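Trainee: The structure under discussion is supplied below as C-alpha cells; questions concerning it will follow.
The values are calculated or read from the model by the stated rules, or taken from the named source; none is laboratory data. In this text, all values refer to a predicted model and were calculated from it rather than measured experimentally. Glycine also receives a Cβ, built like all others from the backbone with ideal geometry; neighbour counts cover every protein chain displayed. Areas reflect the complete protein model, heavy atoms only, side chains present, ligands, DNA and RNA absent. Shrake-Rupley method; radii C 1.70, N 1.55, O 1.52, S 1.80 Å.
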Amino acid sequence: MTLFSYSATAAPAGQSVEKRLQVLEDRAEIEELILGAYSHVIDTSDVTALSELFTEDGEYSSEWEDISSMPPPLRSIFAEAKIPKLGEKYHFKVTFRGRKTIANFMFLVANTRPAFVFQDDAAVAIFDAAAAADALAGAATAEKRSNGVKAQLAGQPDARSSASMKHLVTNPRITVNGDLANSTSYWTEISTDPTGKTILAGGGYYTDVLERTGKSWRIRQRTIHNYYEH
C-alpha cells in the first residue's frame, strides 16, 4: 500500500464530497492520535492512557539494532536469554500484545519473562495477554502492582519537570483505506543534561497500522524503530 503525505494529498477524483470530507476528517483524527495524544501520554508516563490509544488486541513494539542502546530493563531480558547466533544484519525487538499488557508493560518487564521468537535477522521478545494475566494474578495486592510500576517509573521523564524528556513527532505520511490506515512518522526525544543544556536523547521513526473502532481511530500496531539513543 503506497503511503503519501497529508499535505500533498489530493482527494481521489470522482469521489463524492461526503467521502472526500470523511477522508480529511479521518486523517486529521489520526494526526492528533499519532502526533499529539501518544506523545503526551508517553511524556507523562501515563501507561493507562497509553493503552487506551490501542485497540483491545493492539500490539506495541520497539526494536533496536544494538543491545547496548536498549534501556537497561529491556537489555537484561535479552542478556539473560540464550540467544542463538543470528544473521549478520539482526536486530532486537520487544512486543507487548493486548491492551492490558500495554497498560502494565513496565510491571511485566520487571516481574516476568517473555516468550522468544528467533528469526534469521531478529530476536523478538513477546509479552502477551496470558503472561500479563498470570503476572498480575500473582501479585499479592493492587498496591504491590502499583509500587512495582512506580519503581519502574523512577527516573523516567515527567512532563511537569524542567528536566523532562519530550517527544517531538513530525513528517507524518498517512494512507486511509476505509476503516484501516497506515502511517509512518519521525520521532525525536529531547532532554536536558545535568548542566541544564538541551540535548538530543534519541530518535527514529514509527510505523503504524490504525483501525477505526466505533467512532474513533485507535492504534492496532505500532513499532518504534530506534535510530539513536543517547
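Trainee: Excluding S216 itself, what net charge comes from residues whose Cβ is under 11 Å from its Cβ, given Lys and Arg +1 and Asp and Glu -1?
Mentor: Numbers: positive: R212, K215, R218; negative: D26, E29, E32, E52, E211.
Charge balance in the 11 Å sphere: -2.
Trainee: Counting only protein heavy atoms, what percent of the accessible surface of segment 160-230 is carbon or sulfur at a 1.4 Å probe?
Mentor: Ligands and nucleic acids excluded, carbon and sulfur give 51 percent.
Trainee: Working out 0.36 nm times the residue gap between A130 and E25, then minus their Cα-Cα distance, what length gain in nm do you get to one decimal? If you can, show how the numbers build up before the last one.
Mentor: Working: separation 105, 0.36 × 105 = 37.80 nm, distance 3.64 nm.
Result: 34.2 nm gained on full extension.
Trainee: Ok, one more. Return the whole-Å distance between the Cα centroid of segment 180-230 and the Cα centroid of segment 47-74.
Mentor: First find each Cα centre; the distance between them is then 10 Å.
Trainee: Ordering V23, V17 by accessible area with a probe of 1.4 Å, largest first, what comes out?
Mentor: V17, V23
Trainee: What FRET efficiency comes out for the pair V17/Y186, r = Cβ-Cβ distance, R0 = 41 Å, nearest 0.05?
Mentor: Values: r = 33 Å, r/R0 = 0.80.
Taking R0 as 41 Å, the efficiency between V17 and Y186 is 0.80.
Trainee: Under 16 Å from the Cα of K100, which aspartates and glutamates turn up, not counting those fewer than eight places away in the same chain?
Mentor: Partners found: D46, E52, E56, D57, E59, D128, D134.
Trainee: How much length is gained on full extension from F116 to N177, taking 0.36 nm per residue of separation minus their Cα-Cα distance? Don't jump to the answer; show the numbers that get you there.
Mentor: Details: separation 61, 0.36 × 61 = 21.96 nm, distance 3.29 nm.
So the chain would gain 18.7 nm between F116 and N177.
Trainee: Taking 0.36 nm per residue of separation and subtracting the Cα-Cα distance, what length does fully extending E32 through L168 add?
Mentor: Full extension of this stretch gives 47.7 nm more.
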